[in-house]
Amino acid sequence: MMSATAYDEILSLVEKPSRYLGTEANSIKKDPERVKLRFALAYPDLYEIGTSHFGMQILYHVLNARPEIAAERVFAPAVDMEQRLREAAISLSSLETRRPLSRFDIVGFSLLYELNYTNVLTMLDLAGIPFRAKQRQTDQPMVIAGGPCTCNPEPVAELFDALVLGDGEQVVLAMADAWMAWKQSGGKDKIEILETWAGISGVYVPAFYRFRVGAGGFSRVEADSAGRSPVKRTVVADLEKAPFPDRPVVPFGRPVHDRLRLEVSRGCSRGCRFCQAGMIYRPVRERSCQTLLDLAAASLSGTGYEDLSLLSLSTGDYSCLQTLLHQLMQRCRSEHVAVSLPSFRAGSLTSEMMKEIRLVRKTGFTIAPEAGSQRLRDVINKNLTEEEIEQTVSNAFSLGWQVVKLYFMIGLPTETEADHEAIIDLVLRLRGLRKKSGRRGQINVSLTTFIPKPHTPFQWAQQLRRSCSERILFGLRDRLSKPGIQVKWQNPQVSILEGLWARGDRRLLPLLEAAWKKGCRFDGWSDHFRFDRWREAMDETGIDIDFFTTRRRGLDEPLPWDHIDVNVSRQFLQEEYRRAMEGLQTPDCRFGQCNDCGACDFETVAPVVGGEGCTEETDTEIPEDSGGLRRIRIDYTKTGDARYFGHLEMVSIFVRAMRRAGLCLAYKEGFHPKPRMVLGDPLPVGMESEKESFDVRLEGDLSLSEAVTILNRGLPSGLRILGARRVAENAPISKRAVSVYRVSLSEGGFDKDRLEAFEAAVDWTVTRRTGKGKLKKINLKDMVVEVLIRTRSCAELTLRSEPGRTVRPAEVLANIFGLKAEQIRKARVVKTEKEPNSGTTHV
């Protein structure tokens, strides 16, 4: 069995060491002796991408709330990490306990993006788990999956024992209970647990469904017994009663969504005909305003986040948004928490709401017109007028936003050249609004090719050929290349491949395996995407990409996902397709009569809006500055795995720990207010220290000894507060002129002859390259105060530091002792609290 230490060693070899992952605030480790079910939550992308995924946070919360279940996280390793694991023959393991993935009972993948499928194979292969469900034995993990991609699971269905369709928090617990009961009864026959799972609403077991290809190449998936089909999506009907992860894991590093996510609602009934999420997550279910305020208070206190994002498919449509924003901002302004709305309709966000948001700091501002002309917006049922778009952008610029992002698609059904011209005209008009506001704002335009998705009215539409996409995209790029406009676009090769997997069937799995064997990984990342390898794999496996993507499908044609019931009827989708071709809009059912889409039965499932629960807006009293502003110096140690934290990451860790502890930090003024905090000289990544310091200004009365105790409870392993004391406002953080470092080597040794040669020399000049690329000479004789060789593998270095002149232990090890870079990297270097000896002789 692989040891956790061995896995940590591999983690320390990658470019950005990650061996401290799994010790984040709010991460959970359980006593293995008390656990009956070990559940791995697997995300097939990097930690920086997946760690903030709200669905994963929910599952981590609900599973670990059960004492007998241990849920742990595992992410796709970066390419260099994968290589290291293979070279060392070490299994991919979880973050919390470093348990190999193959030794979990259930491995559950989150499938959010089709181009992550190759990463699923990588993770299974690194764990020694066979790809296909039928190849796995009873003593190997059950592999399941959930997420939006399961609304057409067929391209990867044979990888999984079961797939969850719809809201997963209730289903996953039912599956866990069934597995534990099966295991307790002996757990010998895998078919037994699959049969039980298949009886749970929202669970699809591919082994119980037959795949066949008929005339014309059309495929069907049929149940092996009449009672199994179709598989219905499961729905959490009341979010007020749904569990909420109010203490999510606070990730290390710089994840893409480094903020608290507050889910205000699920579902959207706007009815955009291209939007899969708007169809498969129906109906709209809102949380009440008071519930959201309570959850925000608990979650901010439990995480220490400085940013809060209101999460939903269309936050601007939340019925109590005005009240919620006002009351949130009353709290957040005093605590310097920024509030952002990542998804809203132009026209739904009033100037009054925008003024609320800008009170703390201006976050991103994004609008999705999708199409340039009103005609085409009517076709796609984007109930949005040019007047609403222009008014919203005008408000943004006039209220101080500097950047507005616009999203457009090309290749939508019925699109013509006139629609491309309309994109250009609209962007140029919006660009002109900058001058009216008197500000130098910028328009960021994002262009992507329309990809037809299952369970939408446009699931029968054709996708643009790659060559056509390139012609249109590059033409728009050239026409919009003007000052104040930045244009980005999705690679058409990526779009056509995503379209293939979105509407494919089981014939694609051999293609996935072939592309993976050719080295395809992280296909959604431009720096890893290799379409040439995919083309080779298609040729080898006989896949005709045009059959699945660029042809228009008949409305009565069998579809690979016909056995999947997302609670939106085929008849409704067909009628919406016909209305699109006629340019007819369909109103939002929240503001009119039911459109009979099939999502609601009005007994167990129905729209839930919080309008009746909205209270009158009342201002929350913001506490005034008590005048008790004090400068506090905090001493701390940085040892063990904490040596891999960088300087900026340390700032984030300490600030969030202080916020969780309820300490009132003082903030600077400005566009992005930052805590009034000063750290001493940054340590190089990988170096430990017995004592470092930072100063922070705190408001109000507090017990420093109590603050130290609270802070230490919330810090990761290797960081520990030694003490805190009040210092004068003008007291500088002392920077040692001379420091003592203890160096322990795991490879190589300290050569006494080399040290004697250094001692005897009059001059020992080395050349280093500065951060600006310039060469700089430094005489080590001026900077090395003392070197003591304690043993062959241990020494103490006493080094001088002067303004503009410093020397690092690594330079001494390389230039005096001739150690190689790999030996230095593996050395343990500790900056000690020890006072240096007097004198300047070399010993």
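The values are calculated or read from the model by the stated rules, or taken from the named source; none is laboratory data. Note that the structure is predicted; figures quoted are calculated from it, not measured. Glycine also receives a Cβ, built like all others from the backbone with ideal geometry; neighbour counts cover every protein chain displayed. Surface accessibility is based on the protein's heavy atoms, side chains included, excluding ligands, DNA and RNA. Shrake-Rupley method; radii C 1.70, N 1.55, O 1.52, S 1.80 Å.
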_Rolling a 1.4 angstrom probe over the protein chains, ignoring ligands and nucleic acids, what is the accessible area of Phe75 in square angstrom, nearest 10?_
20
_I need the P(r) histogram for the chain: all alpha carbon pairs, bin width 10 Å from 0 out to the longest distance, whole percents._
2, 11, 19, 23, 21, 14, 7, 3, 1, 0
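Please give the per residue volume of the convex hull enclosing the alpha carbon atoms of the stretch 529-589, rounded to a whole number of Å³.
171
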*Ignoring ligands and nucleic acids, what accessible area does Glu370 show with a 1.4 Å probe (Å², nearest 10)?*
20
*Can you grab the distance from the C-alpha centre of the stretch 229-269 to the C-alpha centre of the stretch 471-545, Å, no decimals?*
29
*Determine the shape class of the stretch 448-601: with a ≥ b ≥ c the square roots of the Cα gyration tensor eigenvalues, call it rounded for a/c under 1.5, and otherwise prolate if a/b is greater than b/c, oblate otherwise.*
oblate
*Ratio to report: Rg/Rh of the stretch 159-288, with Cα atoms as the point set and Rh obtained by the Kirkwood method; give two decimals.*
1.04
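Which links in Lys36/Lys183; Lys638/Lys826; Lys752/Lys776 stretch past 20 Å when you go from one Cα to the other? Kindly include the intermediate steps, with their values, before the conclusion.
Numbers: Lys36/Lys183 9 Å; Lys638/Lys826 17 Å; Lys752/Lys776 28 Å.
Distance filter (> 20 Å) returns Lys752/Lys776.
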_Rounded to the nearest 10 Å², what accessible area does Phe131 have for a 1.4 Å probe in the complete protein model?_
30
*asked:* At 1.4 Å probe size, put Thr385, Thr118 in order of accessible surface, largest to smallest.
replied: Thr385, Thr118
*Using only the Cα atoms of the stretch 70-127, build the gyration tensor, take square roots of its eigenvalues as a ≥ b ≥ c, and label the shape rounded, prolate or oblate: rounded if a/c is under 1.5, else prolate if a/b is larger than b/c, else oblate.*
oblate
*If one computes P(r) from the Cα atoms of the stretch 248-326, what percent of pairs lie at distances over 18 Å?*
48
*asked:* Through the Karplus equation 6.51 cos²θ - 1.76 cosθ + 1.60, θ set to phi - 60°, convert the phi angles of the stretch 408-415 into ³J(HN,Hα) values in whole Hz; use x for Gly and Pro.
replied: 10, 10, 10, x, 5, x, 6, 5
*Among bridges DSSP assigns within the chain, what percent are antiparallel (round to 5)?*
55
_Please compute the alpha carbon radius of gyration of the stretch 93-164, then divide it by the globular-protein estimate 2.2 N^0.38 Å. Two decimals is fine._
1.05
*Which sequence of Thr637, Thr709 reflects their accessible areas, 1.4 Å probe, from the largest down?*
Thr709, Thr637
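Take the alpha carbon gyration tensor of the stretch 19-170, find the square roots of its eigenvalues, order them as a ≥ b ≥ c, and report rounded if a/c is under 1.5; if not, report prolate when a/b exceeds b/c, else oblate.
rounded
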_the stretch 645-725 - convex hull of the alpha-carbon atoms, volume per residue in Å³_ = 101
_So with the 1.4 Å probe, I'd like the accessible area per residue for the chain, rounded to whole Å²._
42
*asked:* Given a 1.4 angstrom probe, I'd like the percentage of the accessible area of the stretch 722-791 that is carbon and sulfur, rounded to a whole number.
replied: 49
*Could you size up the charge dipole of the chain around its Cα centre, putting +1 on the beta carbon of Lys and Arg and -1 on that of Asp and Glu, and report it in debye to the nearest 20?*
2460
*Other-chain or far-sequence residues with amide H under 5 Å of Arg720's (modelled H)*: Thr637
*Choose one of Val762, Ile543, Ser526: the residue whose Cα lies farthest towards the positive end of the charge dipole of the chain (beta-carbon charges +1 Lys, Arg; -1 Asp, Glu; about the Cα centre).*
Val762
*Going by accessible area, probe 1.4 Å, with all protein chains left in place, what is the ranking of Asp478, Asp532, largest first?*
Asp478, Asp532
*Could you check how much of the accessible area of the stretch 28-111 is carbon and sulfur, as a whole percent, using a 1.4 Å probe?*
51
*Other-chain or far-sequence residues with amide H under 5 Å of Trp489's (modelled H)*: Leu447
*Any idea what the dipole of the stretch 471-529 comes to, in debye rounded to 20, about its Cα centre with Lys/Arg Cβ at +1 and Asp/Glu Cβ at -1?*
160
*Taking every Cα atom in the stretch 688-795, find the radius of gyration and the maximum pairwise distance Dmax, and write them in Å.*
20.6, 59
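Leaving ligands, DNA and RNA out of it, report the carbon-plus-sulfur percent of the accessible area of the stretch 180-239 at a 1.4 Å probe.
Taking all protein chains in place, the stretch 180-239 shows 51 percent carbon and sulfur surface.
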*Based only on the alpha carbon positions, what is the Kirkwood hydrodynamic radius of the stretch 95-221, in angstrom?*
15.4
